[in-house]
Amino acid sequence: MTSEKELGVRLDKWLWAARFYKTRAIAKEMINGGKVHYNGQRTKSSKLAEVDAVIRLRQGYDEKEIVIKKLSEQRQKAVIAQTLYEETPESIAKRETYAEARRLNVLNNPAPDTKPDKKQRRQLIRFKES
C-alpha cells in the first residue's frame, strides 16, 4: 500500500485540514474563485498538494504565502495544524506592514458619530451633483 506522502492530498482537503477554511466547501469555493494559487498558478481543488509546494492565499485583507511542510487529510487541533505549513518571512512582514497601514488609516479617518440628517443628506447630494 502506498503512503499518503507518495500520493499527495487534495488541495481543498489539505487547506481544510490546515485550518485555513472552516469547511471543505469553502476551501473549494476559494480555490475555484482564484483566491488560492499553487506554485504561482491558479489551480483546481482536486490538485494534489505536495510537500515543499508554495501556496499563496487571500483571506479578507490578508494575503499569505505558505510552504507545505506535512500532508494531512484529517482536521486536528490548531496546534497540530500549524505544523503542516510554514509562512514565509516576506509574507509575515508584508502582512504586518499592511495591518499597520490599515490601523493608521482607521485612526486618521474615523467614521462620523451619527448618520447625516435629512438636511445634510440633501446637501451631500447637491454637492455630488455639482
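What follows draws every value from the coordinates through simple rules; no lab data is involved. All figures in this text were calculated on a predicted structure; none of them were measured in a lab. Positions of Cβ are generated from backbone atoms using ideal geometry, with glycine treated the same way; all protein chains shown enter the neighbour counts.
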(request) Could you calculate the contour length gain from Thr114 to Glu87, that is, 0.36 nm times the residue separation minus the distance between their Cα atoms, to one decimal place in nm? (result) 5.6 nm
(request) Enter the per residue convex hull volume of segment 1-122, computed from alpha-carbon coordinates, in Å³ rounded to the nearest integer. (result) 162 Å³
(message) I want to check the label-to-label distance for Glu100 and Tyr61. Put each point 7 Å from Cα in the C-beta direction and report it in nm to one decimal.
(response) 1.4 nm
(request) Please check which bits of segment 37-53 a label hung off Glu73 would reach, taking the label as a point 7 Å along Cα-to-C-beta and the cut-off as backbone N under 20 Å. (result) 44-53
